[in-house]
């Protein structure tokens, strides 16, 4: 993968169009600090990710980034609440931000879950009994808790049907706005583009000659 | 840190069936390892507590270990007897302080019957030079009187004044009974934790009396002597099985040993109990070491099972590890979680094994004592077992690094997208 330059402003909602095989996983790995570039710089806010050690990047990730995957986002043996609260246990920053304006962590989790239209009856159920759409909303709540500056979503709607895609997307966008988080949304589905402030085609941006996907 | 503990716990609970089976296998292997060690110690202690203060054991010429086994521990049978007059002349040696005759061969419900003299109650010592004491009654005076060991009285529920019939021969299934000459219980000994507890004591004369009308191990047909008239016969013993000798001064022990071993009238053997016990340990030691090695191997098998199960489950958990990494878990947190899981199972298994062993000891101790005369101490955990347990846990710690390291590598390589 070879990207000359790619920058996002705070509060932007960016749609990254990427059909499979164009280096999507690599880009996400780089942005979330799991991978490091062989050359060049990677700056998030004022931090140069390339200058951080592995565990500093892990810390940085949980402090500033919320991640939503395509599917199987939840840890099966934890309750809905425990899944949502996971980032707060690993990041004191997220935990502190979730507790602003006098709320407890539980209050905040409850608030996010109900904003994402998850009925309170579901909160105590084992996550494995939830539908895929419900699971994705729990994952969104987990990404949003503690108001991280960036939300990275990797095809979070591709396992949902068309109606639910729109519902989910609207809820996600609304909550990102409320939390003032920047959203990076990766998908191969062009129809979703109108919801975003900017569209970037990963294939055009990536100047590397892709021989085989890593 | 706390979250890692709680996630590990919940994750393990989620896989409780497989991990439970692993836990049981570790518990059983630890139980076996510590159990072998415990039986070894209790057996040794039991054997060395069985006799004390006796300078020499004498018997017909045989191996020292065998003489020790049948005379003191009532295990196995004598190959030959000593003539009574020879025993008497040895007992009369000026260096000898006391002599206890032992005449074995009969039994009662599997308990050995010992013909002896009153010197037994006076001079026999066990443990740390403790003398025998009567819990109830008095030593035998009359001919058909019997003094019971504590275990015999307890198991057969005998009390003073009860009648009992002795069997000929020492096997539990001995059919020939000395039914015509019942004995009366006149004394019950206090518990000693030695083979004495399982012994039925009668006088040498009574031993003669019940065999007056017997020949070649069976009653003479058509010939029976009424107990009332046995006094008219010569009841002095002709043979005894073995004897215990106490000396006036320990310094004479080798002199008297030589005196007995060189006895002209009859081939005899005198042994020092301590030396014979050492020989016994040499024989038993090989078996003990083999048992110990086998049970140590079983523990290793148990721990390998643990590693195998956790490694096998790891592939299905790659998604889970990726999610944890996405919310900030570092690869060494993942290592720690996996390590914690295996180590926790090892420690839990070891403790469960000890608990099982204690439960079994508690339930089985009376049985073991009744059948083998070995007193098992149902202790929670002895100090001597601590290093053994620590070794098991340390090995557990070492092997748990294997799944830990594998998970560490996996979560580094996978990042947020497991390549399954």
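The order of the peptides B:128-137, A:20-29 by mean Cβ neighbours within 10 Å, most packed first, is A:20-29, B:128-137. Stretching the chain fully between residue B:391 and residue B:214 yields a gain of 57.7 nm (0.36 nm per residue, less the alpha carbon separation). With angles folded into 0 to 90 degrees, how steeply does helix B:273-314 sit against the dominant principal axis of chain B? Use alpha carbons for both and round to 10. Around 20 degrees separate the two axes. Across peptide B:327-335, the average count of Cβ atoms from other chains found within 10 Å of a residue's Cβ is 6.
In the protein assembly as shown, the DSSP beta bridges split such that about 60 percent are antiparallel, to the nearest 5.
With neighbour counts taken as other beta-carbon atoms within 10 Å, the residues B:100, A:152 rank, fewest first, as B:100, A:152. Seen against the Cα atoms of chain B and their longest principal axis, helix B:331-372 is set at about 20 degrees. Centre-to-centre separation between the Cα atoms of region B:29-81 and those of region B:236-254: 19 Å.
What's the FRET efficiency of residue B:118 with residue B:190 using the Cβ-Cβ distance as r and R₀ = 22 Å, to the nearest 0.05?
Values: r = 17 Å, r/R0 = 0.79.
Once rounded, the FRET efficiency stands at 0.80.
For residue B:13 and residue B:125 in one chain, what is 0.36 nm times their gap in residues minus the Cα-Cα distance, to one decimal in nm?
34.7 nm
Computing FRET efficiency as 1/(1 + (r/R0)^6) for residue B:229 and residue B:48, where r is the C-beta to C-beta distance and R0 is 35 Å, gives about 0.15.
Hey, got the average number of other protein chain Cβ atoms within 10 angstrom for residues in B:318-326? Let's see the in-between values first.
Values: counts 0, 7, 6, 1, 4, 12, 3, 7, 17.
Partner-chain Cβ atoms within 10 Å, mean over residues of B:318-326: 6.
Taken as Cα centroids, region B:258-331 and region B:134-198 sit 40 Å apart, rounded to the nearest whole angstrom. A Cα-only calculation for the protein assembly as shown places Rg and Dmax at 41.5, 127 Å.
Under 17 Å from the 7 Å Cα→Cβ point of residue B:308, by amide nitrogen: which residues of region B:397-414? What the label zone holds, given the 17 Å backbone N cut-off, is B:399-400, B:402-403. Each residue in A:182, B:199, A:104 was given a count of other beta-carbon atoms within 10 angstrom of its own, and listing them fewest first yields A:104, A:182, B:199. Here the peptides B:258-264, A:63-69 are ranked by packing, the mean other Cβ count within 10 Å, and the order with the highest first is A:63-69, B:258-264.
With contributions of -39500 (n - 2.57) from each DSSP H run of at least four residues, the per-residue ellipticity at 222 nm computed over the protein assembly as shown stands at -15000 deg cm²/dmol. The C-alpha atoms of chain B define a longest principal axis, and helix B:386-414 lies at about 20 degrees to it. Counting every other Cβ atom within 10 Å of each residue's Cβ, B:75, B:202 order from fewest to most as B:75, B:202.
Any read-out appearing in this document is the output of simple, stated calculations on the displayed coordinates, not a laboratory observation. This is a predicted model, so every value here is computed, not measured. Note: ideal-geometry Cβ built from the backbone for every residue, glycine included; neighbour counts use all protein chains shown.
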